[in-house]
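Single-structure report; data block below.
Values in this text are rule-based calculations from the coordinates and carry no lab data. These numbers come from a predicted model, not from an experiment. No Cβ is skipped: glycine too gets one built from the backbone with ideal geometry, and neighbour counts run over all protein chains shown.
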Amino acid sequence: MTLELLSMLGGGMAGFLMRFIAAQSEAQAAAFQQVIQAQTAADDSADRAAARSGGVWIRRAVVAAILFAVVIAPFVLSFFHIPVVVETEGPWWDVLGLLGGWESVQGFILLPEVRHSLLAIVGFYFGSSQVRS
């Protein structure tokens, strides 16, 4: 092989390599622009959702109801002696639960779901206060 042929081959490979690197850079720039546009659209959607009225008041009403059920209701209802009616279990073969009876109990039933909801609310509010600091 002559020196001119080696030089031409090396120049062609170098040109191909530089063009390949440039194409990869353009593809990364285009992908980055798409990510920025998608994030801008998501931010805009979140801003519009936060600006809608009603969502804040619904969340506050849920929080107030759960706080009432955990903190206030056990004390208030104990003074009025209001019975709580619960369903008793029926026979083991009663798949639909139609044969169970009803029983009146004294006190206030605090369901595990209500306690878990209270824990989630407390965690959310304390967590969001840590982010603002």
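The table that follows gives values for the structure above.
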quantity: Length-normalised contact order of the range 2-133 in % [C-alpha pairs under 8 Å, at least 6 apart]; calculated: 18 percent
quantity: 0 to 90° range, to nearest 10: angle between helix 55-67 axis and the chain longest Cα axis; calculated: 40 degrees
quantity: Correct option for percent of Cα pairs over 18 Å apart [calculated from the coordinates] among (1) 79; (2) 64; (3) 54; calculated: (1)
quantity: Residues LEU5, LEU118, sorted so that the one with the fewest Cβ neighbours within 10 Å comes first; calculated: LEU5, LEU118
quantity: Most fluctuating residue given options GLN39, GLN106, GLN24, as computed from a GNM of the chain linking Cα atoms under 10 Å; calculated: GLN24
quantity: Per-residue HN-Hα couplings for the range 27-40 [Karplus 6.51, -1.76, 1.60; θ = phi - 60°; Hz; x = Gly/Pro]; calculated: 5, 5, 5, 5, 5, 5, 5, 5, 5, 5, 5, 5, 5, 5
quantity: Given charges at beta-carbon only (K, R positive; D, E negative), |dipole| of the chain in Debye; calculated: 520 debye
quantity: For LEU96, LEU9, LEU67, order by how many other beta-carbon atoms lie within 10 Å, fewest first; calculated: LEU96, LEU9, LEU67
quantity: Choice from LEU17, LEU110, LEU77 showing the highest fluctuation, given a GNM over the chain with Cα pairs closer than 10 Å; calculated: LEU17
quantity: Other-chain or far-sequence residues with amide H under 5 Å of GLY100's (modelled H); calculated: GLY90
quantity: Gain on full stretching of the segment that runs from ARG48 to ALA27 - 0.36 nm per residue minus C-alpha separation; calculated: 4.4 nm
